[in-house]
Amino acid sequence: MANQLDELNPEVREEGLDTNVIAKKIPVQVGTESLLFEILLWLCGIFPGVIFMFMKINAQEHFDQLQQKIQRNASQIDNYLEQRVVVLQNCARLLDKAIDLDKNTFENIAKYRSGSGDADQNRNAMGSQIDSLSRSINIAVESYPDLQAHKEIADAMQQNMYLQREITAARELYNDSINQWNKDIFEWPTKKIVAAKNGYTTRIPFIASKEIKEQAKSVFF
């Protein structure tokens, strides 16, 4: 059998490859074989059936705990986003610049924590809006070199950079939890059967905004 990947004769994409996260939720489904599997367990005796029943209870507890972990990680992102909004608001006041924030910003953050609406998608949108605001303030500071020497402005911009790093780290933890969820719900038989019964779907990891991707392609030096 030939090698599936041949490094000596590779398919080269000289133009490179720009990848994107697919924002699609895949539902968990099981076929008749799963039902037959459970029936056979009970036919083999009461003991195998009872054992599998307890395994499903443990799987449900696992998913309940994992959902709480995902919620906690998502809340951590929201906390940093909220702090970053406050820092940027203060910086905007220091610059005496008329930079208006969406009046629903904090209402949206509260909504994300309550779990209403498509929180994952809205959280990405919120991050994108805050990134745009940060870029506007950076441009304002760069336009007036004298402002860069202002201690309070410098401190605010430093806090903004620190919070952005914390948001990135929090998103990594969130994505790790999402990856665990997406893997576990398809683990047959126990977890997949429980996931299908509850109507679980895959979750979408963090998606970088189009603006951030375009900035990453820019020449900085």
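Only the coordinates and a few stated rules stand behind these numbers; no lab work does. Just so you know, these numbers come straight off a predicted model, no measurement behind them. Note that we place each Cβ from the backbone using ideal geometry, even for glycine, and neighbour counts take in every protein chain shown.
What the table shows:
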quantity	calculated
For region 161-168, Karplus couplings with θ = phi - 60° (6.51, -1.76, 1.60), whole Hz, Gly/Pro x	5, 4, 5, 5, 5, 5, 4, 4
Contour minus Cα-Cα distance for ILE26 and SER128 (0.36 nm per residue)	34.2 nm
Per-selection metrics, region 118-207 (Cα): Rg and Dmax in Å	20.0, 65
Cβ-based exposure ranking for VAL12, VAL194, in which fewest neighbours within 10 Å come first	VAL12, VAL194
Highest to lowest packing among 126-132, 4-10, scored as the average C-beta count within 10 Å	126-132, 4-10
Cα pair distances in region 1-80, grouped into 10 Å bins until the bin that holds the longest one, percent each	12, 19, 21, 20, 22, 5, 0
Length gained when the stretch ASN90-LEU43 is fully extended (0.36 nm per residue, less Cα-Cα span)	10.1 nm
Charged-residue dipole, Cβ positions (Lys, Arg, Asp, Glu), region 175-217 about Cα centre, Debye nearest 20	120 debye
Exposure proxy order (Cβ contacts within 10 Å, fewest to most) of ARG93, ARG203, ARG13	ARG13, ARG93, ARG203
From phi via Karplus (6.51, -1.76, 1.60), per-residue ³J(HN,Hα) for region 67-79 in Hz, x at Gly/Pro	5, 5, 5, 4, 4, 5, 5, 5, 5, 4, 4, 4, 4
